[in-house]
Each structure stands twice: as C-alpha cells, then as structure tokens.
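The values are calculated or read from the model by the stated rules, or taken from the named source; none is laboratory data. The structure displayed is predicted, hence computed values, not measured ones. Here Cβ is always computed from backbone atoms with ideal geometry, including for glycine, and neighbour counts include all displayed protein chains. What goes into the accessible areas is simple: the full protein's heavy atoms, side chains included, and nothing from ligands, DNA or RNA. Shrake-Rupley method; radii C 1.70, N 1.55, O 1.52, S 1.80 Å.
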Amino acid sequence: MAFMRQYELVERVKSYDPNADEEALNRAYIFAMKMHSGQKRESGEPYFSHPIAVASILTEYKLDAATIITALLHDTVEDTPASYADIKELFGEDVANLVEGVTKLSKVQIHSEASKQAENFQKLVLAISSDIRVLLLKLADRLHNMRTLYFCKKWEKRQRIAKETLEIYVPLAERIGMQSLKDEMEDLAFQNLHPEAYESITSRLSFLTEKGEKEMEEVIATLKKDLADNNIHGEVTGRQKRPYSIWRKMQKKNITLEQIFDIMAFRVIVDTVAECYQVLGIMHTKYPMIPGRYKDYISTPKQNGYRSIHTGIIGPLNRRIELQIRTKEMHQIAEMGVAAHWEYKQGVHREGTQYRWLRDLLELLNHSSDPNEFLEHTKIAMYQDQVFCFSPKGDLITLPKGATPIDFAYAVHSGVGDTCVGVKINGKISPLRTILQNGDQVDILTAKNQTPSAEWERIAVTAKAKAAIRRYLRAERRQQLIEAGRTLLSAAAKEYGLTFSDKDLSVVLSQHKQKTIEDLLAATGEGLLSATDLFHQMHPEVKMSLYQKTMSLFRKSPEKQAMLSTGKSMPITGLFPGLSYSFAKCCHPVPGDKIVGIVTTGKGVTIHMQDCPVLEKFSDEPERWMDVGWNDEILKDRSLPVRIKVTLADRSDSMPELMTVLAQQAAPVSNLTTQKRSEGWMDLVLDIEVRDRNHLDTVLQALRASEKVSSVARIKAG
Ligand code: MN
C-alpha cells in the first residue's frame, strides 16, 4: 500500500488549516521516519507507513496540526529510543503530552476473560485520554491496525485485538458519535473474529446487491422526484447494509439474509431542519407508514449528539423502506461525531447528554469561538475522579482517585483487606500508603495472622475499606477494654485480700445500664465506671473511703498494728503518742513529700503536703499547725495511694499500654475515672499506689515517656 508523501500530508493539513505549522509537520515526518527506520510491520512494509496512515486518517477529520504531528510521532516513545523529553524539546509540550497519552493508552490491554468488565476498560481509556485528541489519535491508530490485522500471523493475537476493538474502541467511537469509524472497525473486527460468517455474508450481499441495484436506483429516482415536486433540494442515497449489522440481526432475530436485505435503507439529506419535517410530511402523506418505526432524534438527540429523523414506509415499487432524514450538518456530525464539531459549532442542541465529560466538551464547543482554541484547551474531565487498576489476573478494579493498596485489597475482598501485609505495584514492592495510578497492576500480599492496623484508617479512602477497618478495630478495642476492666476489678479485689471473677458482676448488672457482664467490664476498662465503686457494690461489707483504705494498708501487717498501738515508731514523726492522725484526702501525701500537720480538736492531726492549696484556709490559725515528718525507717516497703491525672490518646491500644506501664513500675491502680473525652484525647483520674515520692516521680516519668500519654500530673487538691 502506497503511503502519503510528506508534501501531500502537509498540503492536506494546509487545505483546511492554512495557519498550520508547516515546518513542524515536515520535521515530525522526517523525525518519525528516522526513528522507525529499519523497523518493519508484519505486512513487510516499513513501520513508518503506520504513523503516516494514522496521520492521514486524522486529516479526514480535519484535526489540528498538533494532532497530526502527534500521529506521526505516536509510536516513537514506545518503540524507538526517542523519549518524552526529546519530543518536548523538538515539538513542544502540547505534542509531548499527546504522545505520552497515546503511549499510556497502548498499555491498556483487555484480558480474554475480562469481557464483562469492558465498560470499565472503556472508562480507563477515557480516564487516561484526558484530552479528547488522545482518544481520537488512539481510535485512528486502532483503525489502521485493524485495517492491517489480517497480516498478523498469530491467531490468538488477532482474536484478542479484534475482541478488544469490539468491546472497548467501538463503543467509545459510538459514544463520541464517530459513526463511520465505528462501522468500519466493527466490520473489520467481525471479519477477524468470524471469518467464515463474514465471507458468506459478503458474498451473498454482493450477489443481492447486483440484483437489487436496479431497484434501488428506481426508488432513489422516485424519491428525488417527490422532493423536486415540492421544491425541496435534497440528496437521496441508498445504503448497503453492513456485514456486521446483518450478522447481528441474523443472530438476534433468527432470520435469513434475504429477509434482512428485503428492507432497503435510504437517506435524505436537506439543508434545514424545517425541510427535514417537510420531507417527513411528504413521505407520510404519499406512502403508508410502517408503525413503530418513526423516531425523532432531532427534537431528542441521542446521547452522543446524533440527530436525524427515522421512519419506515411502504415506498415506491411497494418496497419496505427505511428512511433517515437529516440536514448536512447533522449528517456530518453523525459520521464524524465529536470531530465534526470543529466545523459545525453553531446551533447544535446538546440536551439530554448523560455523560458529564461529553456535556463539558460540548459546552466548550459552544463557548470557544476559535476551533483551534477549542482543540488546545480541551482538557476534558473524563473519569478524572476515578482510578482504574488491575489485579494480577487482569481483573479491573475501579477506585476513587487517591485510593491506596488498602482500598484495593478491601475492594477485592474484606478477607484480603484484613490480612494484607504488603503490596507489589507493577511488580515492585511498594508502601501500603502509595497512591494508585491508572493502569497499575496491584498484587496484594497477605499473611494469615495479620490484622488491620489503626494506621490504615487514615490511609484508606473508600468507605468500604474504612468501615471494615473500623469494624475490626472496634472489636479489638472492646476486647482490650474488657481485659483492662478485669485487671482493674482484680486489683480492687486484691486490696481487700479477695479475688474477682467475671460472674461476681452478675449481682450488680441490674444496677447499671449495661446489658452484659462484658459490657460492664468494658465500661470499667474505659473508666466510665469506677472499679472500686463496682467492687463495693459487689461487696458492701468492705466499702471504705480512700482514707480508710490508706489506714487499712497500715493495719494489714502485725508490724503496723504494733506500731499504731504503742505509739512508738509511728510512720509520722513529731506527733504526740496517742494522738490520732490521718492523711489529707485533698493532697494524698507520700513519703518524701514535705508535710505539715493540722490539728482539729477531737479529730486528731491531718497530714497535708506543705504546698497543698487547702492550707490557705488555716493561714490565720498558726496554733493549729504542727511540724511533722516521715519516719523513713518504718515506711520501707509500704505503699500509699496518690491521685494523678493522665491525658491519654483516645485509642484502643492506649488503655492497655497505660496499665502495662503502671504494672511495670509496680504502681497498682486502685481506681480509675474518665473525666472527659475530646478530639481524640481523654482525661483520666487514677488512684495509684506508690512507696514514696521517688517512686511516684519514676512512675510519672515512665508515663510521660509513653507516646500515648500527652500529659501527667499529680492532683494535690481535688
Ligand atoms: Mn500505532
């Protein structure tokens, strides 16, 4: 097949675009020829014939010079040493981006089993295109490859390409209204997929055409006379049915070729919309109408912008006739679709367009005055809010833009999501937070014992993944809270030398709003209920105040008993023998704290910390103040309660960590209350037991070291 010479191509472009950059066109022609030199097509022709043919197809649509230049260069980045940077340097960014778009599209390949996902593949193509010219380039590229597909020796490859054409590119051509390109691709695909059926239909067709040609001419002549009688200038043509549409009709309606050919199809092309309806009126008056065939796509255009009147009549020679009536402009648009809009931008109605991107496109057509401006600035949003990725098997998964492998994993199956440990993107191990790109092949790695991490909730963007992760974390958090509740209640029981078991809670269950023992344990673990209070409800006999508990700690050992009864070796120095004392409930002093005693008549001495704010009240009564101190000797190995406030991250793993730190520091918790929660943090008040001030400081330091803890403070008055 002879291909278009350089000067022919340039002349062709200049014929419809006199301002086209001739010099760049010439350079592109030579550049492509050089880059592809030595390469051959399967037909044996130089490879270079292909880009020229694609460029030539696009000149039929009168596309701008950038598109024609891109057509010449479209395979150079993929198949020759030329790079994006080279193209950008030599031909500018616009062309480089177009070439890049076509190169990306060349990587889209439909998998044989993936037919049911054809629509997603169409969307993928649109998403990658992002510029309507990329799509037009791809369609022209595919059309030429289809025209030469019979050279391909591998049967499987031919089948795959033909099927892909039928499932992806034909519908896309139809969507943008490129009827003639669509028809041709369809027939070529049919020819390759079902060569025998194609042969038999075309040979029957040519036989019937010969036979019917005379009839067709007679009908055309009669219809032309009908128009002339009414002073309407119009063109009338008879159409031959296409092999693919005949075959499809035969499949669908189970009828013979003769029956299909029996219906002749004609097209009347006039100047104005008014004339279209005039012709319709003439036809319906003169000839009987076939019911159910009348369709007005002028008042209600098809989604792809197609407009025409269709009707069926028993026409001249008593033949059943299919009639299409349209204006020249409508015809141009019907044949060339989006590409025709460059020339016909006026007066085209675009109502009823379902596809947002197409509506945007047509909107743009309406508002840009210069056709070249339209071409240069049409960056239409075609599925730009979605990203299309493949599984290793070739299944296509559609995700929102910004999605990560976590989303992909949950889109495959929640079981895959839950056990996800890593990901290979396009064969490379990648972080789970990687943002997926169009066309990525995503291989999720799983491990049996893996569980979702709280981190994932931030990484995921799909509702499905987020919900699954949250569901899992909630269950996990609840389990941890139940465990924490058990620990707190056991600690409370231990205080009194008792043991705790879950079923002890059954007696107090009715007093609380919780439904089950587990709920009660979880509420305790979360600090919504006080373990000490619960314990006291279970064992009213041991109910005691913090002060009483403090004293009980001293009373527990015989050594302490002796100490208290003799008055000698009291834990506090500076008191008179026999004088009773207590530790202040406001500040809970522990050994090591500087302390002072306040005498209350009839009650004894209360021991405060020297910086306890409560002491303010006694500033006018110096006679009540007593100088006291700690008897270090006998306080060894004792512990006293102190109250602390902790601000903790409101997360499922925070509470268990808090408990672990306190256990490691040998500072058991005897009570815990949640004060408030906000913005991911919660304030807790805890009573812990410490030996002395040093011990307390160590515990506070250990708590501060935990990343779950925002702040820790001892409460000196509360
Ligand atoms: Mn190509």
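Worth a mention:
- Stretchable slack from Trp625 to Asp650, in nm (0.36 nm times residue separation minus alpha-carbon distance): 4.7 nm
- Pairwise label distance in nanometres, Glu78 with His233, each label 7 Å out on the Cα-Cβ vector: 4.6
- Between the listed residues Ser710, Ile572, Leu615, the Cα displaced farthest toward the positive end of the dipole of segment 571-718, a dipole computed from Cβ unit charges relative to the Cα centre, is found at Ser710.
- For the pair His310 and Ala265, label points projected 7 Å from Cα toward Cβ lie 0.9 nm apart.
- Anisotropy class of segment 615-718 from Cα gyration tensor, a/c 1.5 cut: oblate
- Multiplying the residue separation of Ala274 and Phe576 by 0.36 nm and removing their Cα-Cα distance gives an extension gain of 96.8 nm.
- Each of Lys428, Lys88 has its accessible area taken with a 1.4 Å probe; listed largest first, they run Lys428, Lys88.
- Potential lengthening between Glu616 and Ala475 on full extension [0.36 nm per residue; Cα-Cα distance subtracted]: 45.8 nm
- When only Cα pairs below 8 angstrom with a gap of at least 6 residues are kept, segment 628-718 shows a relative contact order of 41 percent.
- Calculated FRET efficiency, Ser37 to Gln159, Cβ-Cβ distance, R0 = 41 Å: about 0.85 to the nearest 0.05.
- Solvent-accessible area of segment 602-685 (1.4 angstrom probe, protein heavy atoms only): carbon and sulfur portion equals 46 percent.
- Extending 7 Å from Cα along the Cβ direction at Thr256 and again at Glu518 yields two label points whose distance is 7.4 nm.
- Evaluated with a Cβ-only charge set (Lys, Arg +1; Asp, Glu -1), segment 668-718 carries a dipole of roughly 100 debye about its Cα centre, given to the nearest 20.
- Computed on segment 200-267, with alpha-carbon pairs under 8 angstrom and 6+ residues apart, the relative contact order is 37 percent.
- What the Cβ-Cβ distance of Arg320 and Glu23 gives, at R0 = 41 Å and to the nearest 0.05, is a FRET efficiency of 0.15.
- Computed about the Cα centre, the dipole magnitude for segment 590-718 is approximately 240 debye when only Lys and Arg (+1) and Asp and Glu (-1) carry charge, each at its Cβ.
- Charges were assigned to the Cβ only: +1 to each Lys and Arg, -1 to each Asp and Glu. The resulting dipole of segment 215-334 about its Cα centre is roughly 640 debye.
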